[in-house]
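Contents: one structure, followed by commentary.
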Amino acid sequence: MNEEMLKIRKDIERLHPANVNEVIPLYSGIELCYLTLSSDPLSVQHEAMPHIIQINYCKAGQMVWEMKNGNRIYLNPGDFSLHTMKACTDSVIRFPNGIYQGITVCIDLQEAAGNPPEPLKNSSIFETILPEKFCQNDHPVFLAGNEQTETIFSAFYNQPEMLKLPYQRIKVLELLLYLSKITFIPQNKLTEYQSELIENIHKIHDQLLQQMEQRITIEELSKQYLINPTTLKNAFKSVYGTSLAAHIKEHRMGQAAKMLKETDMTIAEIAQAVGYDSQSKFTATFKSFYQVLPREYRKNN
């Protein structure tokens, strides 16, 4: 482990010594930290390191990370963020729910590129893909969780002791490959909003997920929460990293996939349960999302 990675570990342990459950070296330049953080705000101060990337995944609770340049990251369960350690110098982390559990993957791009994991050799992940796709201008990136990312991150937990390290090493590779293949258009700046508006955006998000079988329009939400429709759409995208429609569609498809695997419900019943009156429209949407028809997905899984 190089001196900078050692310094990162010491900084983490200095900030919250009782809350770092484990720090595991996985590959050259790649480390995994398990975190359980309490309600007190944390002040994060370290030198700017643009060649070191952190990937933060929220398992439980909520994290609000306030960057020095005014950007904010909101992490809810299942969501994750990615930024360089230049972006987070002199920042503050808060935990509105009183506790936060998650994992952090630290990647030294220079060291990892010089000695990459065998499956990633000649992939250019560390040299160009990660820094150019996600780290332009050192702005933090927020990514909403989905069924595929939850499959990756959940495997970091609850594994037999003798299989923990193999799972950790395999899943971090899977995560890097996932990041490499997804389409991502970087935003110039995550807009900062008032806390009351942010709280209402989270309420809207929870309402939509709890009432997935209903089709609730932005105009209806705007009237219910007394928020201008344009402000609502912009604030939702700032907090969750994608449009309201795309985010809820992703959750609908994830729930549909789960129902196909775990229940005996008909495809028509599943379509209605996730907000589609038309089975054919649901089938077309599902196929565009998973590249297979619902019945084929059920058969394969």
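We did not get these values from a lab; they are worked out from the coordinates using the rules stated. From a predicted model like this one, the values you see are computed outputs, not experimental measurements. Please note: Cβ atoms are built from the backbone with ideal geometry, for glycine as well, and neighbour counts cover all protein chains shown.
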Handout entry: Whole-Hz couplings from phi, Karplus 6.51/-1.76/1.60, listed for segment 250-259; x for Gly and Pro
Key = 4, 5, 4, 5, x, 5, 4, 4, 5, 5
Completion exercise
Measuring from the longest principal axis of the C-alpha atoms of the chain, the long axis of helix 164-181 (C-alpha) lies at a number of degrees, nearest 10, equal to 70
Practice task
Note the angle between two axes, namely the Cα long axis of helix 229-240 and the longest principal axis of the Cα atoms of the chain, as a number of degrees from 0 to 90, rounded to the nearest 10.
Solution key: 40
Fill in the blank from the handout: Rounded to the nearest 0.05, FRET efficiency between Y178 and S278 (Cβ-Cβ, R0 35 Å) equals 0.70
Practice task
Work out from phi, with θ = phi - 60° and the Karplus expression 6.51 cos²θ - 1.76 cosθ + 1.60, the ³J(HN,Hα) of each residue of segment 291-301, listed in order in whole Hz, and give x for Gly and Pro.
Solution key: 6, 9, 6, x, 5, 5, 4, 4, 5, 6, 10
Problem - Cα-Cα separations in segment 3-181 greater than 22 Å, expressed as whole percent - result: 41
Handout entry: Positive-end residue of L221, I248, F286, charge dipole of segment 158-301 with Cβ unit charges
Key = F286
Exercise for the section: Quick one: angle between helix 279-290 and the longest Cα principal axis of the chain, in degrees between 0 and 90, rounded to 10, please. Expected result: 10
Handout entry: Percent breakdown of C-alpha pair distances by 10 Å bin, ordered from the shortest bin, for segment 46-142
Key = 16, 45, 30, 9, 0
Exercise for the section: Normalise the Debye intensity by I(0) for segment 195-300, one equal point scatterer per Cα, no solvent, then take log10 at q = 0.23 Å⁻¹ and round to two decimals. Expected result: -1.15
Exercise for the section: Give the cross-link partners of K86 among the aspartates and glutamates, using a straight C-alpha distance below 14 Å as the criterion and excluding same-chain residues fewer than 8 apart. Expected result: E4, E47, E66, D108, D138
Practice task
Evaluate the Kirkwood expression for the hydrodynamic radius of segment 107-238, namely the inverse of the mean inverse distance over all pairs of different C-alpha atoms, and round to one decimal in Å.
Solution key: 18.0
Problem - Pairs beyond 28 Å (Cα-Cα), from K223/K258; K164/K249; K171/K203; K68/K223; K68/K258; K59/K249 - result: K223/K258; K164/K249; K171/K203; K68/K223; K68/K258
Completion exercise
Placing each pseudo-label 7 Å from Cα in the direction of the beta carbon, Q110 and K68 end up separated by a distance in nanometres of 1.9
Fill in the blank from the handout: Residue span A246 to A60: 0.36 nm per residue of separation minus Cα-Cα distance leaves a gain in nm of 64.7 nm
